[in-house]
Every structure is written in structure tokens, then in C-alpha cells.
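Notes to accompany the following structure.
The values are calculated or read from the model by the stated rules, or taken from the named source; none is laboratory data. Since the model is a prediction, treat every value here as computed from it, not as a measurement. Here Cβ is always computed from backbone atoms with ideal geometry, including for glycine, and neighbour counts include all displayed protein chains.
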Amino acid sequence: MELNRVTPRIYVAATRQDDGKTTTCLGLYAALSAKFKKIGYIKPVGQRFVEVAGKKVDEDSVLVSNTYGVNLPIEAMSPIAVDRMFTREYLERGNLPAMKATIGEAFNRVAWEHDFVLIEGTGHAGVGSVLDLSNAQVAKLLGSQVVIVTTGGVGRPVDEVSLNLALFEKHGVKVVGVVLNKVLPAKMEALRPWAEKAFHRMGLPILGMIPYHGELRRPTLGQVTLELGGEFLSGENMKRRKVRSVAVGAMTAVRLQDQLHPGALLITPGDREDLLLATLEAQVKGGHEAKPAGIILTDGLKPQPGLIKMLQERGLPTVAVTGDSYTVAAKIERMTVKTDPGDKEKILMIQEVIAKHLDLGAIIRGSKPVSAERS
């Protein structure tokens with residue numbers, strides 16, 4: 001197989017999972033669209049997948065495809081989806097040349113008649129090594145230079161980038177620079193000179209410092225419900241409401257009123273009807289923007305049918321789950337908030353912040369294809 005060695009490309013990697021690769025790619029795709037007529041996207045190896053037309057494809061590929069209407073077969077954008085048994089099957093009878101050929105053919109399809117290809121990695125540089133398809137190995141295979149996304153700061157980001165850089169260098173892959181993500185806005189100005197000095201010693205320029213934006217970390221009620229394995233009793237049509245705060249129902253109904261801020265999510269056992277009535281009252285009193293996000297009923301308990309009917313009639317989203325209130329609250333606190341294709345407000349925010357804070361010119365200059373591995 002002869003790999004495309006003409007189309008400009010850049011590989012977006014990270015120091016850890018959830019450091020911001022997808023957010024960066026989502027914003028970068030829009031920014032590149034102002035410079036290039038047709039942008040291709042591929043995530044060669046994905047670990048979080050969904051079923052599309054009976055095929056397993058990475059969820060980030062679906063996000064980019066649906067957001068930008070990418071005119072490419074979804075299987076080309078996500079050639080390898082690693083499910084629970086994939087590693088065992090590969091270790092038993094895996095065929096690395098066949099997997100490389102699959103990735104190469106998918107890349108050629110994505111690059112064909114496109115002016116630029118955005119390649120999204122999976123986790124840190126070494127993720128995928130058990131399959132002989134680490135980020136470093138895949139970047140080498142596709143003849144791409146790399147941008148590393150890490151978190152804000154100096155000490156830990158430099159340490160983690162150093163580890164990643166070593167593996168990329170081992171495979172002969174050039175890292176063109178780093179992006180510091182989730183930087184506290186109040187610290188950006190003071191941080192920049194020290195971060196620049198630290199990364200300069202490694203031969204790496206800073207290609208952008210992306211400020212932390214709390215709104216991007218807020219889950220929707222639908223995402224919370226999916227995370228908890230819950231069941232909507234009412235208000236499923238309002239599952240895109242943003243959850244801005246959490247109130248655990250371990251107080252009186254009078255005290256609860258002080259915690260029912262706009263976007264508040266009440267977590268309470270299903271038999272605390274006094275708290276449910278108090279939340280209904282807040283729903284009625286508040287304007288559209290002042291309404292609580294909804295209610296999570298815990299312990300597998302549901303209120304009596306008349307109260308459920310009231311919740312439905314008054315449009316208060318209510319979800320039933322099996323766990324106890326504090327376990328549920330902890331799960332929500334720890335959950336990773338991904339971007340949904342339909343979250344237009346959040347996607348617009350990502351596009352604006354990436355366009356403002358990323359050095360697009362430097363990324364484009366680093367997108368020249370390099371000598372690629374033959375398979």
C-alpha cells in the first residue's frame with residue numbers, strides 16, 4: 001500500500017486521557033476550515049465507541065462528523081475501534097500488517113480530495129502499545145508530525161510531556177509544539193513566561209494556552225442520566241438542561257430552598273415527597289432561566305403516582321436510579337463530561353476559544369508530511 005504523502009496533516013496527542021484532545025480537534029477543525037476548503041478527520045484507534053449502522057466506531061469521530069457534516073464514510077474516520085475483547089484477540093492471533101493496512105487505507109480515503117487531514121490520537125503517546133499501535137507508532141505510520149495537548153502549569157506538564165516526547169522521538173516522530181489546556185484565566189499571564197522557558201529547554205514552542213472554562217465542564221441532564229444508568233420518569237425532552245450545581249437532599253424542605261439555584265440538580269431518595277414538593281414550588285416560581293435542572297430519585301424508590309403526574313404536568317425532569325444519594329453525587333462529581341453533537345452552544349464556545357488562543361499558523365507550518373512507514 002502506498003500512503004498519501006502529499007496532503008498536509010497534523011496528529012493531536014495528549015499527555016493523558018481527557019486532557020482536551022477532542023476539544024482541541026473540534027475547535028481546530030473549524031479554524032482550519034477558514035484556511036482550507038476541505039478538511040478530513042480520522043481517529044485511527046478509538047477506545048470509546050458507539051454502534052452506527054451495525055459497526056463499532058469511535059464516538060469522537062461521530063461527534064466531528066455530525067458537527068461539521070464531514071462528507072466521508074464514518075468507518076474511514078474510525079478504522080480501529082478497540083472493544084473489551086480486542087486486546088486478548090490480538091495477543092492470541094493478531095495480524096499487525098492487516099491493522100496497519102486498514103489504518104493506511106482509511107487515511108488515504110480521508111485524505112483523498114481533501115486539503116488537510118486532522119488526526120486525533122488516543123490518550124498519551126504509549127496508549128495502544130499492547131496492540132503495537134501506540135500513538136507514536138500510528139503517527140509514524142501516517143507520516144505525521146505531532147502536537148501534544150497537556151494541562152496548565154509548569155512542573156507536572158513538563159514532566160509528562162517529557163515522557164511522551166521520549167516515545168515519539170524513539171519512533172522518529174517530530175513534536176512541533178505543545179498546547180496547555182485548562183489554564184486558570186487569572187494565572188495565564190504570570191504562567192506564560194515560565195512555561196515558555198521550561199518548554200524551550202525541551203525544544204518545544206507553546207502553540208496555545210487554552211483558558212479553563214467552567215461552562216465546558218458542566219454535564220447535561222441526559223449525560224448524567226446515562227452515566228448513572230437512570231430512567232426518566234418525566235421531562236426527557238429537557239435532557240439538554242445544563243447541571244450547574246448539585247444539592248443532596250439531606251435537609252428540611254425549608255433549607256432546600258436556599259440550594260435550588262438555577263440549574264441545580266436535586267439528589268434525594270424517592271420517598272422524600274416534602275423535598276419533591278418544595279422543588280416543584282421552585283419550578284413554578286422561577287422564570288425559564290431560574291428553573292432547577294431536575295431531580296434524581298435514589299435508592300430505587302419512586303413517589304406515589306399522583307406526585308409523578310404532577311412532576312410530568314409541570315415539566316420538571318425527574319430520573320430514577322438505584323444507588324444511594326451520596327454514591328450518586330460522587331459519580332456525578334467524578335464523571336468525564338464529553339461534548340455531544342447536539343450541544344451547539346458548547347461547540348460554538350469551543351470554536352471561539354480555540355480560534356482565539358491557538359497559534360494556527362504554527363500548526364499549519366508543522367503539517368508537512370514526512371517520510372512514512374511502508375506496510
Query raised in the report: Quick one: would you say residue 339 is in contact with a strand residue (DSSP E or B) (Cβ under 8 Å, 6 or more places away or on another chain) and either touching a residue at least 12 places away in the same chain (Cβ under 8 Å) or among the hydrophobic types (A, V, I, L, M, F, W, C) (or both)?
Result: no
Query raised in the report: What is the one condition in (1) at pLDDT 90 or above; (2) buried (at least 16 other Cβ atoms within 10 Å of the Cβ); (3) touching an Asp or Glu at 6+ places or on another chain (Cβ under 7 Å); (4) not hydroxyl-bearing (Ser, Thr, Tyr) that residue 253 does not satisfy?
Result: (1)
Report task. Output the residues belonging to the stretch 34-93 that are of a type in the set (Gly, Ala, Ser) and under 16 Å from the mean Cα position of the chain (by Cα). Result -> 46, 61, 65, 78
Query raised in the report: Which condition does residue 259 not pass, out of (1) surrounded by fewer than 18 Cβ atoms within 10 Å (Cβ to Cβ); (2) touching a residue at least 24 places away in the same chain (Cβ under 8 Å); (3) in contact with a strand residue (DSSP E or B) (Cβ under 7 Å, 6 or more places away or on another chain), if it passes all the others?
Result: (2)
Report task. Kindly indicate whether any position in the stretch 180-195 is crowded, with 22+ Cβ neighbours inside 10 Å and in contact with a Lys or Arg (Cβ under 6 Å, 6 or more places away or on another chain). Result -> no
**Report entry** Filter result (part of a helix (DSSP H, G or I) and at pLDDT 90 or above) within the stretch 269-303
**Finding:** none
**Report entry** Conditions (1) within 21 Å of residue 223 (Cα to Cα); (2) in contact with a helix residue (DSSP H, G or I) (Cβ under 9 Å, 6 or more places away or on another chain); (3) not in a strand (DSSP E or B): number failed by residue 265
**Finding:** (3)
Query - Which listed residue, of 330, 355, is among the small types (Gly, Ala, Ser), in a helix (DSSP H, G or I) and free of Cβ contacts under 8 Å to residues at least 60 places away in the same chain - result: 330
Report summary line: Over the stretch 89-100, the set of residues exposed (fewer than 10 other Cβ atoms within 10 Å of the Cβ) and among the basic types (Lys, Arg) is 93
Query raised in the report: Do the conditions hold for residue 163, that is, is it touching a residue at least 12 places away in the same chain (Cβ under 8 Å) and more than 23 Å from the chain's Cα centre (by Cα)?
Result: no
Report summary line: When residue 355 is run through (1) out of contact with any helix residue (DSSP H, G or I) (no Cβ under 6 Å at 6 or more places or on another chain); (2) in the same structural domain as residue 177 (by TED's automatic domain parsing), the failure sits at (1)
Requested in this report: Please report, ordered by residue number, the helices (runs of 4 or more DSSP H) entirely within the stretch 35-128 with at least 1 residues that are in contact with a Pro (Cβ under 6 Å, 6 or more places away or on another chain) and hydroxyl-bearing (Ser, Thr, Tyr).
Outcome: 59-68, 96-111
Query raised in the report: out of contact with any Asp or Glu (no Cβ under 7 Å at 6 or more places or on another chain) and either more than 30 Å from residue 37 (Cβ to Cβ) or not hydroxyl-bearing (Ser, Thr, Tyr) (or both): does that describe residue 105?
Result: yes
Query raised in the report: If we scan the stretch 11-20, do we find a residue that is crowded, with 23+ Cβ neighbours inside 10 Å, assigned to a loop (DSSP other than H, G, I, E, B) and either modelled with pLDDT under 90 or not assigned by TED's automatic domain parsing to the domain that holds residue 361 (or both)?
Result: yes
